[in-house]
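Notes for the one structure printed next.
The values are calculated or read from the model by the stated rules, or taken from the named source; none is laboratory data. This is a predicted model, so every value here is computed, not measured. We place every Cβ from the backbone using ideal geometry, glycine too, and count neighbours over all the protein chains shown. Heavy atoms of the whole protein, side chains included, go into the accessibility calculation; ligands, DNA and RNA do not. Shrake-Rupley method; radii C 1.70, N 1.55, O 1.52, S 1.80 Å.
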Amino acid sequence: MGYRFKGLVTLDPRVAEVALANWPFCQLKREEQQFSGYILRCPDENDLHPTDGDAEWERVIDQADQVRSSLPALSNRFPESWLIYVEVECFGGTCQNTGAQYLAGSAVATFEAGEAEADLATILSPLGIQLDEDQHFRPFTRGYFERRRYRRNDV
């Protein structure tokens with residue numbers, strides 16, 4: 001079984017508050033073990049019930065796209081605060097990490113999959129996050145966020 005995460009990481013409580021107000025379909029948690037900050041998790045395809053159709057699948061994908069496309073504007077509102085967008089996909093102990101670092105309304109760096117893929121520590125580096133000895137970031141592990149299960153009324 002795999003694990004996926006799509007979302008935002010920030011140190012700024014104002015960014016976290018505005019992000020959750022803008023995207024109430026996301027989940028927000030404060031983290032205090034590996035850094036003092038906030039993690040906003042977008043809904044994921046794994047949240048869906050197996051009987052949900054294509055419309056629900058598209059809705060979840062659109063929600064993540066809405067967050068991702070709005071990050072420059074959110075970053076512009078808080079120009080002194082780093083916003084890190086991260087997508088993590090793990091399967092069989094191997095993880096692929098992609099994302100972008102935003103500051104003052106612009107993407108300072110972007111990270112894509114492939115041969116030049118950056119490690120998670122590099123993507124999160126502006127926030128001063130200390131990964132554990134196995135190079136894990138606790139919020140990007142199964143069980144950190146309760147998975148939302150969108151259930152159909154007729155199931």
Worksheet, complete the sentence: So for segment 70-140, using the alpha carbon gyration tensor with a ≥ b ≥ c as root eigenvalues (a/c under 1.5 gives rounded; past that, a/b versus b/c decides prolate or oblate), I'd call it prolate
Practice prompt. Please report the relative contact order for the chain, taking Cα pairs under 8 Å with a sequence separation of at least 6, and give it as a percent rounded to a whole number.
Written response: 26 percent
Practice prompt. Relative to the longest principal axis of the C-alpha atoms of the chain, give the angle of the C-alpha long axis of helix 54-77, reported between 0 and 90° and rounded to the nearest 10°.
Written response: 20 degrees
Discussion item. Between Glu146 and Glu80, what is 0.36 nm times their sequence separation minus the Cα-Cα distance? Round to one decimal in nm.
Written reply: 20.7 nm
Worksheet item: For segment 1-125, rounded, prolate or oblate, judged on the Cα gyration tensor with a ≥ b ≥ c (square roots of eigenvalues), a/c < 1.5 rounded, else prolate if a/b > b/c?
Response: oblate
Fill in: Those Cys residues of the chain for which no other cysteine Cβ falls under 4.7 Å
Cys26, Cys42
Worksheet entry | Label-point gap, in nm, between Ala55 and Gln33 - each point 7 angstrom along Cα→Cβ | 4.0 nm
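Per DSSP H run of at least 4 residues, take -39500 (n - 2.57); add these up for the chain, divide by its residues and hand me the 222 nm value, nearest 500 deg cm²/dmol.
Values: 3 runs with 39 residues, N = 155.
That comes out to -8000 deg cm²/dmol.
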Worksheet item: Ignoring any ligand, DNA or RNA, what whole percent of the accessible area of the chain comes from carbon and sulfur when the probe is 1.4 angstrom?
Response: 48 percent
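Rolling a 1.4 angstrom probe over the protein heavy atoms, how many square angstrom per residue are accessible across the chain? Intermediate results must be reported in sequence, preceding the final value.
Numbers: 8280 Å² over 155 residues.
Value returned for the chain: 53 Å² of accessible area per residue.
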Worksheet item: Given Leu83, Ala16, Gly93, which one lies farthest toward the positive end of the charge dipole of the chain, if we put +1 on the Cβ of every Lys and Arg and -1 on the Cβ of every Asp and Glu?
Response: Ala16
Item to complete: Report the FRET efficiency, 1/(1 + (r/R0)^6), for Thr122 and Glu17, where r is their Cβ-Cβ distance and R0 is 30 Å, rounded to 0.05.
Response: 0.65
Discussion item. What do you get for the angle between helix 13-22 and the principal long axis of the chain? Use alpha-carbon atoms, 0 to 90 degrees, nearest ten.
Written reply: 30 degrees
